[in-house]
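Below is one structure; the comments refer to it alone.
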Amino acid sequence: MDATFDLMTAALRSGGLFAALTVLNRRVAQRWTGLYRLTADRHLVNVALVDKLGEVCPSDLLSVPYDVSFCQFTLAQGHFRTDNSALDDRLTGHPYKGVINSYHAVPVVNAGGKVRGTLCHFDTDAMPLLDEDFELLRLAARTLPLELPRQSLLDACTTERSTGATSMVHR
C-alpha cells in the first residue's frame, strides 16, 4: 500500500473528497472511482466520481436503482469483487453483467454501524484489482466522510479539466 493511504488522508484534509478519490484512482487501472450514497427510496446516488478519461459524468452513473446496481451485492455481502462480470455466475440475469465488467466495492458505514453507501473502483473493461488495492479501498471507506451528503448531485456534475478527471461537487 506504500504511502497511498497517507496521501489519500492528506488529500482529504487539504482538498476534500474528490482529491482523496483522485489519489485512490491514480493507483488502479479501473477507469472510475466513486462514492455512492444509499437513499431512503433505494437508489444509489453518486456523491463523488473520478474518471481517468476526464469525460463528463455519464447520467446513468449519477443515480442507480438499488435492485439493478452491483452495490446491492456489496451491501448484502460486506464487499463485492468481480474482475470480469461477463464470466461471473453470481451475476446471471443481471442487466449490467458484461457491461460494467470490473467492479470492486466496499460499504461505507457510519460510527453507529448504519450503512450509508459504497466506495468502488469500476470499469467497462475486465481487469483485476490487486488485493492490496482492495484493502486500501476498505481502509479508505472507513476514513471518508461517514455522513454522506443528503443532496442529490444530479444537478452538480462538473468537469475538472485541470486534473483530467470528472468531479462531482456540491454547489
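Do the conditions hold for Arg42, that is, is it among the basic types (Lys, Arg), surrounded by fewer than 19 Cβ atoms within 10 Å (Cβ to Cβ) and on the phi > 0 side of the Ramachandran plot? Spelling it out, Arg42 is indeed among the basic types (Lys, Arg), surrounded by fewer than 19 Cβ atoms within 10 Å (Cβ to Cβ) and on the phi > 0 side of the Ramachandran plot. Scanning the range 113-145 for residues that are hydroxyl-bearing (Ser, Thr, Tyr) and closer than 19 Å to Leu53 by Cα yields one hit, Thr124. In the range 112-127, the residue that is modelled with the lowest pLDDT out of those that are under 15 Å from Ala76 (Cβ atoms) and not hydrophobic (A, V, I, L, M, F, W, C) is Gly117. Of the residues making up the range 89-138, those that are crowded, with 16+ Cβ neighbours inside 10 Å, in contact (Cβ under 8 Å) with a residue 60 or more places away in the chain and part of a helix (DSSP H, G or I) are Asp133, Leu136, Leu137. Among all positions in the range 47-65, there is at least one residue which is surrounded by fewer than 15 Cβ atoms within 10 Å (Cβ to Cβ), over 12 Å from the mean Cα position of the chain (by Cα), at pLDDT 90 or above and farther than 20 Å from Arg26 by Cβ. Screening the candidates Ala10, Ala86, Ala76, Ala29 for the property of being surrounded by fewer than 19 Cβ atoms within 10 Å (Cβ to Cβ), in a loop (DSSP other than H, G, I, E, B) and small (Gly, Ala, Ser) yields one hit, Ala29. The condition (being within 15 Å of Ala140 (Cα to Cα), in contact with a strand residue (DSSP E or B) (Cβ under 6 Å, 6 or more places away or on another chain) and either touching a residue at least 24 places away in the same chain (Cβ under 8 Å) or of a type in the set (Val, Ile, Thr) (or both)) is satisfied by just one residue among Val23, Val28: Val28.
Of the residues contained in the range 47-63, none is found to be assigned to a loop (DSSP other than H, G, I, E, B) and among the hydroxyl-bearing types (Ser, Thr, Tyr). Considering the range 66-82, and only residues there that are under 18 Å from His104 (Cβ atoms) and of a type in the set (Val, Ile, Thr), the residue that is nearest to the chain's Cα centre (by Cα) turns out to be Thr74.
Annotation: of all residues in the range 23-46 being touching a helix residue (DSSP H, G or I) at 6+ places or on another chain (Cβ under 7 Å) and of a type in the set (Val, Ile, Thr), the one that is nearest to Val115 (Cα to Cα) is Thr33.
The values are calculated or read from the model by the stated rules, or taken from the named source; none is laboratory data. Nothing here was measured: the structure is a model prediction, and the numbers come from that model. Quick reminder, even Gly has a Cβ in these numbers, built from the backbone with ideal geometry, and neighbours come from all protein chains shown.
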